[in-house]
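Contents: one structure, followed by commentary.
No lab work stands behind these numbers, since they all come straight from the coordinates. Keep in mind that what you see is a predicted model, and the values were worked out from it rather than measured. Neighbour counts run over all protein chains shown; Cβ positions are idealised from the backbone, glycine included.
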């Protein structure tokens, strides 16, 4: 059986796009004469330079002179191009400091059932629970903290009410609005699309309340799995967003501002 290969039209489409970018979506008589004039001008310039050099230095030395000048121009273009590429190469800078207190805090909730006896931070010495870090994060932003957005996975959404009671026991005098995020969804903390979408949903909710409050928002990436930390940090590449991390050694809370500098950065 013979197999007939069909010609790939990808290269043809690329050629069409290239021509369209040069001559526009259509070729009329005016465009045709412009192209001819451009081609003539481009061809006359090297011919004219060659004739001028021939007049000055003679035909015997002209080939050597052309090769020398050509190599010199290529060398200059190479070094100048390398300089600007290096200078304008996209880069990410990280700014770190003790996390300033914010009005809005976003956290990720992991499942836990070992919190019934936790009524103070001293109890964490006896009870090991993944909810200790969210508690430290919340404590850091008091008394300024007003809104706590708790992103729930399909494994932790049934723990939300327990988590609210847990925070009320630790901070009985605080007045925090606690919002469950993803309670009506099936979110997995191992799915980057789920994480990205739910984080954007929280920021959109905050923007609808007050656009200025986005800068009064910080996302904590301590809880959850490693993928949660990665996506949470990447989402803060958007200008004005920051994330925080609670140290597992001294429980200090640091904020990080990732700033992406693209090719147009000075």
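Once you put a point 7 Å from the Cα of residue 175 and another 7 Å from the Cα of residue 207, both along the Cβ direction, what distance in nm separates them?
Going by the 7 Å Cα→Cβ label model, 3.0 nm.
If you take the beta carbon distance between residue 52 and residue 239 as r and set R0 to 51 Å, what does 1/(1 + (r/R0)^6) give as a FRET efficiency, to the nearest 0.05? Show your work: numbers first, answer last.
Values: r = 53 Å, r/R0 = 1.04.
In this case the efficiency is close to 0.45.
Spin-label point model (7 Å from Cα, Cβ direction): what's the residue 69 to residue 158 distance in nm?
In this crude label model, residue 69 to residue 158 measures out at 8.2 nm.
May I ask you to derive the FRET efficiency for residue 254 and residue 227 from their Cβ-Cβ distance with R0 = 22 Å, giving the value to the nearest 0.05?
The formula returns an efficiency of 0.60 here.
Quickly rank 124-135, 69-80, 168-179 as a protection proxy: mean count of other C-beta atoms within 10 Å, highest first.
Working: 124-135: 17.2, 69-80: 10.2, 168-179: 13.2.
Put in order of decreasing packing, that is 124-135, 168-179, 69-80.
Which length gain, in nm to one decimal place, applies between residue 188 and residue 45 when the Cα-Cα distance is subtracted from 0.36 nm times their residue separation?
45.1 nm
What ranking do 55, 192 get, fewest neighbouring Cβ atoms within 10 angstrom at the top?
Final ranking by Cβ density, sparse to dense: 55, 192.
Taking the Cα-to-Cβ direction at residue 92 and at residue 29 and moving 7 Å from each Cα, how far apart do the two end points lie in nm?
So the two model labels end up 5.8 nm from each other.
Using the Cα atoms of region 94-261 to build a convex hull, what is its mean projected area in square nanometres? If you can, show how the numbers build up before the last one.
Numbers: hull surface 37.8 nm².
Over every viewing direction, the Cα hull of region 94-261 projects on average to 9.5 nm².
In the calculated pair distance distribution of region 117-167, what percentage of Cα-Cα distances lie above 15 Å? Each step should come with its number before you reach the end.
Working: 644 of 1275 pairs.
Tail of P(r) above 15 Å: 51 percent of Cα pairs.
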